[in-house]
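Taking it in order: structure first as structure tokens, then the write-up.
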Amino acid sequence: MFQTEPIYFIQSIANDAVTAIFNFISSLGSMAILSILLLVLMFGIDFRKGFLLIQTAMLTISVTGFFKEIFALPRPFMIDSNLMLEGVKYSDPADFKTTGATSFFGALPGDIIQYYRNLGGDIGWGLPSGHSSGAIAVWGSIATLFRKTWVLVISCLMIILLPLSRVYQGKHFLADIFAGLLLGGLILLGMYFFSFRDDKYLRHFEYLKDVYKKKFNMILLPAIAILVPLIFGAFLGGSYTVAGLWAGLNLAVLLMYRFIKDDSATLGKRILRALITIAIFYVIRLIIGEIPTPKVSNFTFMIKFISGFLILFLTISASIWINLKLKLFSGVSE
């Protein structure tokens, strides 16, 4: 499954139109597009389900990153420079050619693997495929939570097309895809038993309404809200940015959800809520991105965590506050 022949076969249909389609499909699995989609679902469709979907996405990104570092295997375009990368000819300084596995169940050449491992730095390993794990975990969760036929159809298409687009782009072997689908499926199964089945998540959110009636919870729950992302996002997944985003989301919802009595609303109000949230998200990202940061390597991880934290903490908190003030959430608690 580490052979390049299947990739050559898919790339044999390449032309400008096909490349544009597959590159677009692949972009739907990017962090930027996924963030917009999930924030729209959270504020425009269902706050609680959207929150769960972001939790699922963050967990999937973190666990996938952990296994990428564990396996540390190069991508197809890194071991065969004859392959196209995103539809165009790629020029790799190493210039390895046709060095994939010699059989379907064979492994990649050890000397090629070791070459890239010796380079150090952020290589961007291939196995498991993040687009594949994210496709089945996130889109599988969407289908499970919303239970509509048309949602199921779109979710199935995304689960098939996202991994396929990455093979076409020369970024993943079949082994990467299958590993990602397996990992994402396990995460989806875990989320189903923990939160989705019998709508358990509704009871979890009801608990949040009364969480501050006990002083002990005022210390314990915020600590958990930050500690879990640090464990999975930073220490396991290796991304302090993801850990910060995740912690910011958790803390904002923990602090602000008690002020929302009901998020049902007319279609117009839902659209306006979503637009306000996306606008706030981009403004905050822009502002934080423009803040000068000290170029001290020892504090890089802290800067990444704080930046990520502020982006989602301020986005969620400000969006809830503004939507409450504009009465875009119906049945607001006073």
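Read-outs throughout are calculated quantities, based only on the coordinates presented, and are distinct from any laboratory measurement. Treat the numbers as computed from the prediction; the structure is a model and nothing was measured. Reconstructed Cβ throughout: ideal geometry from the backbone, glycine too, with neighbour counts over all protein chains shown.
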Checklist outcome for this item: Ranked from fewest to most other Cβ atoms within 10 Å of their own Cβ, F235, F2, F301, F281 fall in the order F235, F301, F281, F2
Checklist outcome for this item: Scalar couplings 3J(HN,Hα) for the range 75-82 by Karplus 6.51 cos²θ - 1.76 cosθ + 1.60 (θ = phi - 60°), nearest whole Hz, x for Gly and Pro, are 8, x, 5, 7, 10, 8, 6, 7
Checklist entry - Among G130, G120, G184, which one moves the most in a GNM of the chain with springs linking Cα atoms closer than 10 Å? => result G120
Item to check | Charge-dipole axis of the chain as Lys and Arg at +1 and Asp and Glu at -1 on Cβ define it, positive-most pick from G308, L28, C156 | outcome: G308
Item to check | Mean separation of Cα contacts under 8 Å, 6 or more apart, over the residue count of the range 1-199: relative contact order % | outcome: 31 percent
Checklist entry - Using 0.36 nm per residue, how much length does the chain from F104 to I224 gain when fully extended, once their Cα-Cα distance is taken away? => result 38.8 nm
Checklist entry - Mean Kyte-Doolittle of at least 0.0 and a Cα length of 27 Å or more along the axis: which whole DSSP H helices of the chain meet both? => result 47-71, 149-168, 267-290, 300-325
Checklist outcome for this item: In debye to the nearest 20, the charge dipole size for the chain, taken about the Cα centre with +1 at each Lys and Arg Cβ and -1 at each Asp and Glu Cβ, equals 1320 debye
Next on the checklist: For the chain, take the convex hull of the Cα atoms, compute a quarter of its surface area, and give me that in nm², please.
Outcome noted: 19.2 nm²
Checklist entry - To the nearest 20 debye, what is the magnitude of the charge dipole of the range 1-199 about its Cα centre, counting +1 on the Cβ of each Lys and Arg and -1 on the Cβ of each Asp and Glu? => result 440 debye
